[in-house]
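Each remark here refers to the structure printed beneath this line.
The values are calculated or read from the model by the stated rules, or taken from the named source; none is laboratory data. Remember, it's a predicted structure, so these values are computed and weren't measured experimentally. Note that each Cβ is placed from the backbone with ideal geometry, even for glycine, and that neighbours are counted across all protein chains shown.
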Amino acid sequence: MPKTLHFIFGDQLSLNLSSLHHFDKNHDVILMCEVMKEATYVLHHPKKIAFIFSAMRHFVLELQGLGYEVDYVKLDDEKNSGSFEGELQRAISRHNPQKIIITEPSEYRVLEEVLKWQESYKIPVEILDDERFLCSKIEFRKWAKNKKELRLEFFYREMRKKYKILVDADLKPLAGRWNFDAENRKTPKSGMKSPKRISHKKDNITLEVLDLVAKKFPQNFGDLLPFHFAVTRKEALIEAQHFIDELLPNFGDYQDAMVADEAYLYHSLLSCYINIGLIVPLEICKMAENSYHQKKAPINAVEGFIRQILGWREYVRGVYWLYMPQYLENNFFNATRALPEFYWGEKTAMFCLKEVVNQTKIHSYSHHIQRLMITGNFALLAGLNPKKVHEWYLAVYADAFDWVEVPNTIGMALHADGGIMASKPYAASAKYISKMSNFCKSCKFDPDEIIGENACPFNSLYWNFMKQNESRLKSNQRLKFVYPTWYKMKEEKREEILKTAKKYLEKLENNQL
Ligand code: FAD
Ligand code: DLZ
């Protein structure tokens, strides 16, 4: 039998990976490697690097325990070349394989590289579909074909029917509706605290990795310790079960709520595990569905959670592969402003931004509404350069991989794609932040004021954004109340608002906001 080399990337830590279906335990070998190029293409949060390296090392042990031969290269191995292609070349000389098998990389950047390997190494390279996703690239392309608009809601309904999740025998939605979003916007209760989260014991492998990351990446933004992440499938499943039992029942109600010092609330924290393959998307959707059938969690929570995974997660991946690499070049509003220093932890008087950036620094996590309506909304209103904003999101979150981060940032948060992903920009004034969080209570700025010394910058920046982009947005039906409201204001007031925005933008440029 010819020997095959199976190259497994750091986000492919699943025993059901398509390339492993073809593994011959008598002949084949797996290559996995920690490489500087992957660890430095953006300034990853130290927790993210440690999480991925520790999970990779634990996955190797699991594979070896099951009889797979694995060739593993650590970051500090003396001869480590620092890149996937360099490590592949070295592995070819060690093992002399007749063939290379890969499950398709999740990111465009890596796929481009992989597509050159057959020619470079004169060895057949077979690239298999990543079957862990619930909608293949081809299937998504078919769904998108000839559609004027790609709306999540319709895609999601197809996915519910395809996987028969929360539908009856006639494929009609359980509880009579496809979508319970309207019930999932409760404001946070005063003094709201979320249940304690799980912290996993750190074994010697994790301790060694933490030591390595502390030494090699001392300058990266973010706290390496404390480190609570699960690093094996077994541990990730404990977290998943804890979420289903303790948190899912309230997930829907407080999905959009934001509370100071409470980074997690009722969110699952499972994205990083799903994204590197420790948990597969379908199993967690089924766990949530069972919880509804057993009457442990209400429909608004279960439907809301399943929509995020079966709907949004698959949808953004579809959009990514449909439009990359051009998608990353989108800049619908011609936004050019540099990323303010407070995104990297420098001082700002805006409490909401300080709080979300600080949660990000501590946990390498912030929940969806904080990413979208605080850091994302500010970037949109202040006209920050989309690529710079993208690099920030890709760096700072433990769950950040290009395929999921790019559509969420370029499309959903910044509307830089001109409306491929969302029918209107997610632009909001302080009214939204004040309603959905307790942040404004600790802030020196007043969310009810638009002009004046203490006015919250989100208010004037909101109107300034709408005014600056009037020609691009005025025909948008979903914004049809915005411009009449603007023009109903007295001219002097409008001028004052624009002046206030200008003043804040000047302060921002000087890192004084
Ligand atoms: P929960 O709120 O518990 O949701 C459950 C699961 O649904 C998540 O674990 C995730 O797998 C999935 N999900 C929810 N929303 C989305 C979404 N919009 N797109 C894809 N999957 C979703 N998610 C990432 O996984 N990686 C990223 O790099 C990333 N970057 C983002 C950047 C921006 C600007 C925005 C607005 C969102 C981004 N998201 C990203 C989506 C979302 O914010 C995270 O998936 C979520 O916050 C992860 O936390 P959780 O596991 O507690 O999610
Ligand atoms: C994110 C990341 C990091 C920081 N380091 C590695 C690594 O050293 N080795 C590896 O295989 N994967 C790493 N990853 C995840 C990869 O970037 C990701 O798996 C690929 O880019 C998928 O396209």
Margin query: Condition check: farther than 21 Å from Asp77 by Cβ, in contact with a Ser or Thr (Cβ under 8 Å, 6 or more places away or on another chain), in a loop (DSSP other than H, G, I, E, B) and hydroxyl-bearing (Ser, Thr, Tyr). Does Tyr254 satisfy that?
Written below: no
Checklist line | Conditions (1) in contact with a Phe, Trp or Tyr (Cβ under 9 Å, 6 or more places away or on another chain); (2) of a type in the set (S, T, N, Q); (3) free of Cβ contacts under 8 Å to residues at least 60 places away in the same chain: number failed by Asn334 | finding: (1)
Note to self: Anything in region 124-141 that is touching a Phe, Trp or Tyr at 6+ places or on another chain (Cβ under 8 Å) and free of Cβ contacts under 8 Å to residues at least 40 places away in the same chain? List them, or say none.
What the structure shows: Val125
Note to self: Can you tell me how many residues within region 227-257 are within 16 Å of ligand 2 (Cβ to nearest atom) and either within 15 Å of Ser271 (Cβ to Cβ) or surrounded by fewer than 20 Cβ atoms within 10 Å (Cβ to Cβ) (or both)?
What the structure shows: 1
Notebook entry, point to check: Just one of the numbered conditions (1) within 17 Å of the chain's Cα centre (by Cα); (2) more than 12 Å from ligand 1 (Cβ to nearest atom); (3) more than 25 Å from Met324 (Cβ to Cβ) is not true of Leu381; which one?
Noted result: (1)
Check: Inside region 156-192, can you point out the residues that are part of a loop (DSSP other than H, G, I, E, B) and within 21 Å of Leu322 (Cα to Cα)?
Finding: none
Next item on the list: Could you tell me whether any residue of region 260-268 is in a helix (DSSP H, G or I) and of a type outside the set (Asp, Glu)?
Entry: no
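Residues are listed down the side, and each one gets a yes or a no for (1) over 30 Å from Pro325 (Cα atoms); (2) out of contact with any strand residue (DSSP E or B) (no Cβ under 7 Å at 6 or more places or on another chain); (3) buried (at least 22 other Cβ atoms within 10 Å of the Cβ):
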residue	(1), (2), (3)
Gly411	no, yes, yes
Ser429	yes, yes, no
Ser437	yes, no, yes
Ser442	yes, yes, no
Ser460	yes, yes, yes
Met466	no, yes, no
Tyr487	yes, yes, no
Glu491	yes, yes, no
Leu505	yes, yes, no
Notebook entry, point to check: Take the residues of region 300-326 that are more than 16 Å from ligand 2 (Cβ to nearest atom) and among the aromatic types (Phe, Trp, Tyr): which is surrounded by the fewest Cβ atoms within 10 Å (Cβ to Cβ)?
Noted result: Trp312
Item checked: Spans of helices (runs of 4 or more DSSP H) in region 66-155 with at least 2 residues more than 16 Å from ligand 2 (Cβ to nearest atom) and not hydrophobic (A, V, I, L, M, F, W, C) -> 84-95, 117-121, 137-144
Item checked: Residue in region 413-426 that is farthest from Pro447 (Cα to Cα), counting only those that are surrounded by fewer than 22 Cβ atoms within 10 Å (Cβ to Cβ) and among the aliphatic types (A, V, I, L, M) -> Ile420
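Taking region 211-226 on its own, how many of its residues are farther than 25 Å from Glu355 by Cα and either crowded, with 21+ Cβ neighbours inside 10 Å or within 15 Å of ligand 1 (Cβ to nearest atom) (or both)?
1
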Next item on the list: Filter region 164-200 for residues that are under 30 Å from Ser442 (Cβ atoms) and aromatic (Phe, Trp, Tyr) and give the result.
Entry: none
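Residues to consider are Tyr397, Tyr393; find the one that is under 25 Å from Pro226 (Cβ atoms), free of Cβ contacts under 8 Å to residues at least 24 places away in the same chain and not aliphatic (A, V, I, L, M).
Tyr393
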Checklist line | Matching residues, region 355-412, being of a type in the set (Lys, Arg) and more than 17 Å from Tyr432 (Cα to Cα) | finding: Lys361, Lys387, Lys388
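Yes/no matrix, rows are residues, columns are (1) assigned to a helix (DSSP H, G or I); (2) at pLDDT below 95; (3) within 14 Å of ligand 1 (Cβ to nearest atom):
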| site | (1), (2), (3) |
| --- | --- |
| Glu235 | yes, no, no |
| Ile238 | yes, no, no |
| Cys272 | yes, no, yes |
| Asn275 | yes, no, yes |
| Tyr292 | yes, no, no |
| Ala297 | no, no, yes |
| Gly304 | yes, no, yes |
| Leu310 | yes, no, yes |
| Leu322 | yes, no, no |
